[in-house]
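Scroll down for the structure; my scribbles are underneath it.
The values are calculated or read from the model by the stated rules, or taken from the named source; none is laboratory data. Treat the numbers as computed from the prediction; the structure is a model and nothing was measured. For neighbour counting, all protein chains shown are included, and Cβ atoms are generated from backbone atoms with ideal geometry for every residue, glycine included.
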Amino acid sequence: MRFEMLLAGVVALFALSDAQSCGRHVDDYFGNDAYIIGGADVKFADSIVSFQVFKSDEWWNDHEWKHVCGGTLLNSRWVLTAAHCVKEFRDWGTARVSFGSSSLSDSKWIKVRRAIEYPVADKTQKYQNDVALIELQKDIPFSDDLSPACLKGPSTNIIEYETCVTLGWGRIEEFSDLSDDLKVVHVNMINRQQCMRAFRNLNGVRITSNHICAGRLGERGRGICQGDLGGPLFCRTDDGIRLVGVATNGATCGSPQHPGIYVSVDSAFDWIRQTTGDSTIGNLTESSSYSTSGSHQNTGVPQ
């Protein structure tokens, strides 16, 4: 009887660890350096999803699902994305989230129930407080290959001078079509004053304390573009690899003079927890504590 009780306790503990794990393979993205613009493919898509709408009123895109923005899984029911991705969309019967594969043509999907924009979004500034939550109609089934992201909390600090990564299905060149395959690029954190100077002559772009700027200044073709917005910025923190930002502005498409702009998840952390009703978001156990079969040792993306 004592052995049975001990065994039951071990099983329950493992189940708890499994349920609370997050970002199981996100660290693999840091070992490779492909470009979102002009780069190679990522072999899997942990925590990353595609927000899609069904288009039947465009003669050039008749009756097809169209990728609109990226997003990041917070738990099995909620996705974090950019508010401008869902702002004008109200017909949720023709919206879905694609997940489970780095290839959009080979992924699974779940219909969207609704989207909720961050309530203090500044209507006069396109990229201010640009955060929204997408609620799905049913739970996404997690597995060894798919887990929610580890969200950065307000008390967690990004490690200085460390490289971050961003991912997406956006354009691989400034005027190209969207990519069917997920791409990843390494980006550097840009201090706020330098970022403000970079965008001072662009109308409608105002860098605030809610923003994170990240890119590869001086290098062309290393950054986010149309179709990557709403997607994640992952950085190393003093609490492990965490989701720290949501892509909000990539209009300059890897310009050597302009970094990508992201909304800091710190600015919406409490709202995310309250809206989802999930107080475990931001407190999940990182991938290193979760034992997997080791099927993802390397994404296989060329250096």
All positions within the range 132-156 that are within 17 Å of residue 46 (Cα to Cα) and loosely packed, with under 15 Cβ neighbours inside 10 Å: 139, 141, 143
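Look at the range 139-181 and say how many of its residues are in a loop (DSSP other than H, G, I, E, B), free of Cβ contacts under 8 Å to residues at least 40 places away in the same chain and of a type outside the set (Asp, Glu). Explain how you work it out, then say what you get.
If we filter the range 139-181 for residues that are in a loop (DSSP other than H, G, I, E, B), which is where we start, we get 139-142, 144-145, 147-150, 152-157, 159-163, 169-170, 172-177, 179-180.
Add one more test, that the residue is free of Cβ contacts under 8 Å to residues at least 40 places away in the same chain, and what stays is 155, 160-161, 175-177.
Add one more test, that the residue is of a type outside the set (Asp, Glu), and what stays is 155, 161, 175-176.
Number of matching residues: 4.
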Given (1) β-branched (Val, Ile, Thr); (2) assigned to a loop (DSSP other than H, G, I, E, B); (3) surrounded by 23 or more Cβ atoms within 10 Å (Cβ to Cβ), number of the condition residue 184 does not satisfy: (2)
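Yes or no, residue by residue, for (1) modelled with pLDDT under 85; (2) under 14 Å from the mean Cα position of the chain (by Cα); (3) farther than 15 Å from residue 199 by Cβ; (4) among the polar types (S, T, N, Q):
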residue: 242; (1), (2), (3), (4): no, yes, yes, no
residue: 246; (1), (2), (3), (4): no, yes, yes, no
residue: 253; (1), (2), (3), (4): yes, no, no, no
residue: 259; (1), (2), (3), (4): no, no, no, no
residue: 264; (1), (2), (3), (4): no, yes, yes, yes
residue: 273; (1), (2), (3), (4): no, no, yes, no
residue: 278; (1), (2), (3), (4): no, no, yes, no
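Does any residue of the range 216-232 turn out to be in a strand (DSSP E or B) and over 14 Å from the mean Cα position of the chain (by Cα)? Lay out the reasoning, then the answer.
So the first thing to find is which residues in the range 216-232 are in a strand (DSSP E or B), and the list is 232.
In the following step, the residues that additionally are over 14 Å from the mean Cα position of the chain (by Cα) were identified as none.
No, the range 216-232 has no match at all.
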The range 74-97, residues that are within 20 Å of residue 247 (Cα to Cα), part of a loop (DSSP other than H, G, I, E, B) and in contact with a strand residue (DSSP E or B) (Cβ under 8 Å, 6 or more places away or on another chain): 74, 82, 87, 89
Residue satisfying all of: in the range 157-181; under 18 Å from the mean Cα position of the chain (by Cα) and closer than 16 Å to residue 262 by Cβ; surrounded by the fewest Cβ atoms within 10 Å (Cβ to Cβ) among these: 163
Top-ranked residue in the range 227-252 [being of a type in the set (A, V, I, L, M) and in contact with a His (Cβ under 9 Å, 6 or more places away or on another chain); ranked as surrounded by the fewest Cβ atoms within 10 Å (Cβ to Cβ)]: 251
Output for the range 188-226, where each listed residue is buried (at least 24 other Cβ atoms within 10 Å of the Cβ) and at pLDDT below 90: 215, 222, 223, 224, 225
